[in-house]
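Working notes for the structure below.
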Amino acid sequence: MSWYPPHPNSFMINTDASLIMGQAGYSISAVIRDSEGSLLVAETEFVNGYSSVLLAEASAILLGLRLALSRSILQAQVASDNATIINNIQLKSANKSEWNPIVQNIIHFRDSFQSLDFLFVPRDCNKVANSLAKWSRLTQKSAIWTDCLPNCAAAILIADKPSVA
C-alpha cells in the first residue's frame, strides 16, 4: 500500500506527528503534492514541550491547512493516519478534550476552501509526512521545502509517485 493521488485539479495534504510519550520535544509535518505525486511544498515544525498524540496530530492537520492557504490552494484533501482526529473533524463533533479547540479551528478552516475533504489513511499511505515528522523531532529543526527534501523522505516521495502507464 502506498500514497494515492488526490482528485484532478486538487492537492493532497498528508500530515503526521512524531513524539515519544513523556519525552520533551515533538514535531508535526505537512506535505502537499499534486495529482501526479509531485511535491509542491512540505513543512515541519519542532516544538519544545510535551503533547498528547491526539493534540499533536490535530496540530499537524492545522499546519497543513495553513500551509495550503499560504500557497493559495483552495481544493484539497487532507490525509492523516489518526482515525480519532479525522472522525471528529468529519462529524464536526465537540467534546471536552484538550485537542477539541484545534479540531474546531480545523472545522472553521473549511470555509476558506472551495473543496476540502478529510481522509483517514493507513500509515503506509503517509510515509513522507511520517518520515519528515521523525526527522524534525530527531534534528529538533523546523523547515519548509519546495524542492529537495531530506534524504529520509526524498526516496519515499519518488517511490510513492503513481506509475505512468
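The values are calculated or read from the model by the stated rules, or taken from the named source; none is laboratory data. This is a predicted model, so every value here is computed, not measured. For neighbour counting, all protein chains shown are included, and Cβ atoms are generated from backbone atoms with ideal geometry for every residue, glycine included. Areas reflect the complete protein model, heavy atoms only, side chains present, ligands, DNA and RNA absent. Shrake-Rupley method; radii C 1.70, N 1.55, O 1.52, S 1.80 Å.
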* To do: Keeping the other protein chains in place, figure out the carbon and sulfur percent of the accessible area of the chain, with a 1.4 Å probe.
  => 52
* To do: Would you work out if region 21-98 is rounded, prolate or oblate? Take a ≥ b ≥ c from the square roots of the eigenvalues of the alpha-carbon gyration tensor; rounded if a/c is under 1.5, else prolate when a/b is larger than b/c, oblate otherwise.
  => oblate
* Asked: With contacts defined as alpha carbon pairs under 8 Å and 6 or more residues apart, what's the relative contact order of region 62-126 in percent?
  -> 51
* Structure fact -> Those helices of the chain passing the 15 Å axial Cα length cut-off and the mean Kyte-Doolittle cut-off of -1.0 (DSSP H runs only) are 53-70, 127-139
* Asked: Can you list residues whose amide H is under 5 Å from GLN77's amide H, if they're 5+ apart or on another chain and H is modeled 1.01 Å from N?
  -> PHE11, MET12, ILE13, ASP117
* Asked: Going by the alpha-carbon gyration tensor, a ≥ b ≥ c the square roots of its eigenvalues, is the chain rounded (a/c under 1.5) or, if a/c is not under 1.5, prolate (a/b greater than b/c) versus oblate?
  -> oblate
* Using a cut-off of 14 Å between beta-carbons, work out the net charge of the residues near ASN48 (Lys and Arg +1, Asp and Glu -1, ASN48 not included). => +1
* **Euclidean distance of C-alpha centroids, region 1-50 and region 74-113, integer Å** => 15
